[in-house]
Amino acid sequence: MPELQKEIERALAGETQAERKLFERHYSYVMSITLRFMSGREEAEEALNDSFLKVFSRLGQYNAAYSFKTWVRQITVNTCIDRLRKKRNLIPWLDLSLFLNHTPLISEELPELLSNDDQTPVLPILQKLPPRYRAVFNLYVFEEFSHKEIAAKLSISEGTSKSNYARAKAILRKHLEKKIAYTGKTPIQIILSSDEF
């Protein structure tokens, strides 16, 4: 950690080489987050660039008592949400809880299946979700936000967060079930071999 702190201090002093090192050190991590939230690689790269611009412009606000990686993650997630809002893909939010009352229970195994450490195989699946479902699903499963926190962050009701999460799981399950019926593979085999979902 001392090396990281030195890079931060040098970046604060205006050394572009230190900024470059911080960028390179966190590039893969930030890209993995933006890829989950955005619809494709180009959008993810734009969100990544916006995120790093915010990181470097707010570097003086970073508190060394906390994890730098967590701080970068928070900025990145917020940047992705802001970009989705600007595109108006998240608005209007539809509270689907009224329509989901008669839906069969969705297995709780799906998020566990998708939340493995190597998220690359799941990207094509997640990127096909509508943005409002994808945002809630990512915040709940990968960022471990509560529905109350998601509701506050996205300016929606807690019920909408829960219903959008349930809807995202239902869509993912439906795609997995179709793929299982077509290929005869297990869900994990499908995810791990998925080039195109």
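Please treat every number below as a calculation from the coordinates, not as lab data. None of the values given here were measured: they were computed from a predicted structure. With ideal geometry, Cβ positions are generated from the backbone for all residues, glycine too; neighbour counts draw on all protein chains shown.
Coupling constants for the range 33-38 follow from the phi torsions by the Karplus curve (6.51 cos²θ - 1.76 cosθ + 1.60, θ = phi - 60°), and in residue order they are 6, 5, 5, 6, 8, 9 Hz; glycine and proline get x. The amide H of Phe145, built 1.01 Å from its N in the peptide plane, has Tyr140 as neighbours under 5 Å, considering only residues 5 or more places off or on other chains.
Summary of packing: across the peptides 72-78, 140-146, the per-residue average of other C-beta atoms within 10 Å ranks them, highest first, as 72-78, 140-146. Remark: relative contact order (the range 2-86) = 29 percent; criterion is Cα-Cα distance under 8 angstrom and separation of 6 or more residues.
Distance cut-off 26 Å, Cα to Cα: go down the list Lys87/Lys169; Lys6/Lys87; Lys69/Lys153 and report the pairs above it. All intermediate terms of the calculation are to be shown ahead of the outcome.
Working: Lys87/Lys169 23 Å; Lys6/Lys87 38 Å; Lys69/Lys153 20 Å.
Lys6/Lys87, as the Cα separations exceed 26 Å there.
Sorted fewest first by neighbouring Cβ atoms within 10 angstrom, Ser155, Ser163 come out as Ser155, Ser163.
Remark: the range 147-155, residue by residue, has Karplus-estimated 3J(HN,Hα) of 5, 5, 5, 5, 4, 5, 5, 9, 6 Hz, where x stands for each Gly or Pro and the curve is 6.51 cos²θ - 1.76 cosθ + 1.60 at θ = phi - 60°. At an R0 of 22 angstrom, the distance between the Cβ atoms of Arg25 and Gln61 translates into a FRET efficiency of 0.70. Modelled spin labels at Ala13 and Lys54, positioned 7 Å past Cα toward Cβ, are 2.9 nm from each other. With 0.36 nm allotted per residue and the present C-alpha distance subtracted, the Glu3-Lys86 stretch has 26.2 nm of extension available. Net length available on complete extension from Glu144 to Thr70 is 25.4 nm, with 0.36 nm assigned per residue and the Cα-Cα distance removed. Here the 3J(HN,Hα) profile of the range 74-82, calculated from phi with Karplus coefficients 6.51, -1.76 and 1.60 at θ = phi - 60°, is 4, 4, 5, 4, 4, 5, 4, 4, 4 Hz, Gly and Pro shown as x.
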